[in-house]
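Structure first, then comments.
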Amino acid sequence: MATSTNGTRTRSAAASAAPLRAGRASSAGAVALKPCIVTAVLALALLAGQVAAAETSAQLPSASGTSPEAQSAPDNSAPEAQTANAGRPHRADFGRERASRDARLIADWIVDSADNKGRPFVIVDKVEAKIFVFEANGRIRGAAPALLGSARGDDTVPGIGDRAYADMTPETRTTPAGRFEAALGMNTRGEDVVWVDYEAAVDIHRVVTNKPKDRRLQRLATPTPKDNRISYGCINVPKRFYEKVVAPAFTGADGIVYVLPETRSARVMFGAYDVDERLGRTNTIRTQSPGKN
């Protein structure tokens with residue numbers, strides 16, 4: 001699990017899940033070896049031609065007068081350009097959904113700064129026990145109540161993802177806070193889930209109802225978030241909401257899940273800013289800047 005400079009945990013669920021999926025898909029090493037040999041032979045046959053072509057193209061100027069290196073360089077200016085647009089701040093569209101101040105502040109910051117990098121994103125508000133799913137452009141797809149880890153806290157115990165349920169003591173059953181690169185995958189029961197923190201075995205899935213004493217469906221139905229802390233750390237959502245909103249949002253594309261903290265400042269954790277404050281500061285700088293003589 002990597003840690004960014006602003007203290008936000010960022011981790012690729014897809015990358016972690018890939019070795020497991022690959023191992024299950026190819027059970028015989030000999031079968032995997034044959035394509036590798038064929039690929040190597042073809043690569044050697046094409047190498048000489050590719051080198052020659054590369055040398056020729058390197059000597060030719062591009063039609064626009066720009067070097068090939070400059071044309072292929074990634075454009076990292078989009079987030080900065082969007083943030084610098086002081087006259088038109090970008091905000092998330094919650095529609096008619098009610099949301100806490102922290103949820104709105106982080107959602108607006110995500111859209112205004114393009115922190116989601118053009119991908120769909122999810123905000124999990126642990127204090128309010130509510131999940132919001134957004135399109136890449138910041139328009140909401142839907143929201144629903146959620147069941148979360150029974151223990152209060154924003155961190156995970158090292159190695160918790162490898163423990164059996166029976167070995168997870170009550171204080172270890174937290175839903176970790178942070179910014180997570182998420183992707184659709186499968187759990188050990190063969191059910192599709194959205195992996196949030198693969199190492200900690202935290203995902204978003206359909207509400208589990210195999211233990212009637214947990215009263216999970218009833219907990220989701222109550223208007224208060226006070227009884228929504230019941231899971232081992234995973235994010236349980238209504239079945240229909242998962243299938244109609246969550247899964248489609250991550251079908252064909254990875255996304256970002258932002259789990260808001262409950263023991264610290266969300267603004268500090270994500271390195272976020274208030275869009276209104278940013279707009280006000282920029283306008284002040286413009287007003288105070290001297291004009292051309």
So Asp155 and Glu97, fully extended at 0.36 nm per residue minus their Cα-Cα distance, gain in nm 18.1 nm
With the dipole of the range 113-181 defined by +1 on each Lys or Arg Cβ and -1 on each Asp or Glu Cβ, the option from Ala146, Gly118, Ile131 whose Cα lies farthest towards the positive pole is Gly118
Amide H contacts under 5 Å for Ile256, restricted to residues at least 5 apart in sequence or on another chain and with H modeled in the peptide plane, are Phe121, Val122, Ala182
By accessible area (1.4 Å), largest first, Arg216, Arg173, Arg96, Arg88 order as Arg96, Arg88, Arg173, Arg216
Can you find, among Tyr273, Gly233, Ala164, the residue farthest towards the positive end of the dipole of the range 145-293? Put +1 on the C-beta of Lys and Arg, -1 on that of Asp and Glu.
Tyr273
How many nm separate the modelled label positions at Ala221 and Thr188, each set 7 Å beyond the Cα in the direction of the Cβ?
3.2
Of all the accessible heavy-atom surface of the range 201-265, with the other protein chains kept in place and a 1.4 Å probe, what percent is carbon and sulfur?
53
Which FRET efficiency, nearest 0.05, do Lys213 and Ala166 yield, Cβ-Cβ r, R0 25 Å?
0.95
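The values are calculated or read from the model by the stated rules, or taken from the named source; none is laboratory data. Remember, it's a predicted structure, so these values are computed and weren't measured experimentally. FYI the Cβ positions are ideal-geometry reconstructions off the backbone, even for glycines, and counts take in every protein chain you see. Surface areas here come from the heavy atoms of the whole protein model, side chains and all, with no ligands, DNA or RNA. Shrake-Rupley method; radii C 1.70, N 1.55, O 1.52, S 1.80 Å.
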